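Report on the following structure.
Read-outs: derived from the displayed coordinates by stated rules, not from any lab. Only a predicted model underlies this, so the values are computations on that prediction, with no experimental measurement involved. Every residue, glycine among them, receives a Cβ derived from its backbone with ideal geometry; neighbour counts consider all protein chains shown.
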Amino acid sequence: MVVFPRDAKGNIKPARILATPHRGFALAVDEEKQELFVGVQYPPEVAVYRKGASGNEKPLRSLQGESTRLSDVHGIAIDPKNKLLYTTNWGHVSDYRMVGTGRIEDPSISVYPLNAEGDTSPLRTIQGPKTQMDWPAQMTIDPETGDLYVANDIGHSVLVFKGTDQGNVAPRRVIKGNRTGLMNPSGVFVDSKNKELWVSNFGNSSADVFPLNADGNVAPLRTIRSAPSNKVSLKFGKVEALAYDEGRDQVWVPN
């Protein structure tokens, strides 16, 4: 993980570099305790460091193990008010040390005490077909209302749960539809000061801004783009191999 000054510009060196576990995907910070949470896809883990950690500094603690029900972690949210940690899980489960342990579970959100470590079971889990989760990515929580916003990648939507939800429950609200501009959203952020929700879209190279109470097929308040609206992203992600088909004159790229 690289850290730059807030006002950094141009081709500059990072202020510090922290060696984190391979396949780290999600970050969150507990400002009160000055701790950095790193979500790791596989083997699934949440590693917790000092916020100012650098180099090869070891984590303060780690949440991992079969009882945690972590599986392909893609998002982390922290509720400092209620001392809770939320993770999104894609449901790809296996123990790399044991042949035949692979299985697929429904995507889920797991909830833990903020200071959880080791092989700790979740306090509760949001999981099931009613949730509409399909590759749930980053999350963010509104500290005032307890609303939990989830970027729902393949669902092209933002799902809004209550932080107290449990089990196979439907979202309280869903931002989705052709007017929203959402396409493979992967990041969300609550701007409490301005009462706005920011959403980054992997699928169309954009960031959309909605009112915090947005619901349904609503247009964003504004959009920031790094490409024209009709430009379709290649959507490459962690490409590690390719092949050329001479017969079809095609390049095949697995993602």
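Taken as Cα centroids, segment 31-85 and segment 180-228 sit 26 Å apart, rounded to the nearest whole angstrom.
Which of rounded, prolate, oblate describes segment 28-175, given a ≥ b ≥ c as roots of the alpha-carbon gyration tensor eigenvalues and a/c under 1.5 marking rounded, otherwise prolate only if a/b is larger than b/c?
Oblate.
Each label point was placed 7 Å from the Cα along the Cα-to-Cβ direction; for N168 and R6 their separation is 4.7 nm.
In percent, rounded to a whole number, the relative contact order of the chain is 10, using alpha-carbon pairs under 8 Å and six or more apart. A crude spin-label estimate for the pair D215 and N56, with each label 7 Å from Cα along the Cβ direction, gives 5.4 nm. Computed from label points 7 Å out along Cα-Cβ, the spacing between H92 and F236 is 1.9 nm. Averaging over all projection directions, the Cα-based convex hull of the chain occupies 16.5 nm² in the image plane. Annotation: peptides 68-77, 11-20, 138-147, ranked by per-residue average of other Cβ atoms within 10 Å with the highest first, follow the order 68-77, 138-147, 11-20. Taking 29 Å as the limit for the C-alpha separation, the pairs K9/K162; K51/K195; K9/K238 exceed it in the case of K9/K162.
Counting other C-beta atoms within 10 Å, and keeping those with at most 12, which DSSP coil GluC sites (Glu not before Pro) do you find in segment 167-247? In loop regions of segment 167-247 (DSSP not H, G, I, E or B), the sparsely surrounded GluC sites (Glu not before Pro) are E240, E246.
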